[in-house]
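Visitor: Pasting a structure below so you can have a look.
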């Protein structure tokens with residue numbers, strides 16, 4: 001097993017057991033497992049609120065394009081764009097990583113990318129800036145920016161709309177139930193062994 005160091009991982013919260021784990025940057029765009037409860041983690045399907053260190057790690061090593069939004073939650077224009085950011089992250093899960101950076105918490109990044117108004121959007125592909133935009137955007141604008149550079153090669157997005165996606169979701173739910181009750185799982189295994 002490869003050891004996880006702080007230089008190549010980012011913090012991530014498991015939705016099943018709520019444990020703080022560290023994921024490799026490459027795992028953000030594909031399916032992986034929680035190390036504590038073994039819950040199946042889908043590709044990240046919501047914006048990640050990151051600090052400067054996590055941003056640099058993700059931007060340098062992300063296997064897919066990265067959409068970065070510099071925001072200030074106190075401003076109305078940022079709150080108006082937030083639902084569209086969440087929808088874009090869900091729609092392009094596995095093909096795009098969406099990051100949200102608070103300009104007040106990371107002033108050095110704001111200066112580096114010449115952020116003068118918020119929200120300010122950057123689209124990075126291979127740590128190169130492909131597009132910049134200042135001001136609120138709508139979902140159609142985000143799709144127009146992302147579609148040309150985010151390849152549609154992920155099979156998991158097709159599973160979500162087919163019957164197989166239902167089976168996958170049910171399997172994930174069963175795993176989640178067993179992960180939350182480890183004592184019951186051990187008792188069930190021991191009864192199977194005795195019966196054999």
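Visitor: Taking R0 as 35 Å, what FRET efficiency do you get between residue 105 and residue 38 from their Cβ-Cβ distance, rounded to the nearest 0.05? Don't skip to the end; give the middle numbers.
Guide: On the way: r = 33 Å, r/R0 = 0.94.
So, using R0 = 35 Å, E works out to roughly 0.60.
Visitor: So for the pair residue 129, residue 20, with labels modelled 7 Å out along Cα→Cβ, what separation do we get in nm?
Guide: 3.2
Visitor: Points 7 angstrom from Cα along the Cβ direction at residue 149 and residue 76: gap in nanometres?
Guide: Spacing of the two 7 Å Cα→Cβ label points: 3.1 nm.
Visitor: So what is log10(I(q)/I(0)) for the stretch 44-130 at q = 0.11, 0.17 1/Å, when the Debye sum runs over its Cα atoms only?
Guide: -0.26, -0.64
Visitor: Is the shape of the stretch 15-68 rounded, prolate or oblate, going by the alpha carbon gyration tensor and its root eigenvalues a ≥ b ≥ c, with a/c under 1.5 for rounded and a/b larger than b/c for prolate?
Guide: Values: a/c = 2.03, a/b = 1.67, b/c = 1.21.
The shape class here is prolate.
Visitor: Please compute the alpha carbon radius of gyration of the stretch 9-153, then divide it by the globular-protein estimate 2.2 N^0.38 Å. Two decimals is fine. If you can, show how the numbers build up before the last one.
Guide: Details: Rg = 14.6 Å, N = 145, 2.2 N^0.38 = 14.6 Å.
With N residues counted in the stretch 9-153, Rg over 2.2 N^0.38 Å equals 1.00.
Visitor: Another question about this same structure. Please grab the % of Cα pairs in the stretch 66-116 that end up more than 12 Å from each other. Present the calculation step by step, with values, prior to reporting the outcome.
Guide: Working: 822 of 1275 pairs.
Pairs farther apart than 12 Å: 64 percent.
We did not get these values from a lab; they are worked out from the coordinates using the rules stated. Bear in mind the structure is a predicted one, so any value in this text is a computation, not a measurement. Virtual Cβ from ideal backbone geometry, glycine too; neighbours counted across all protein chains shown.
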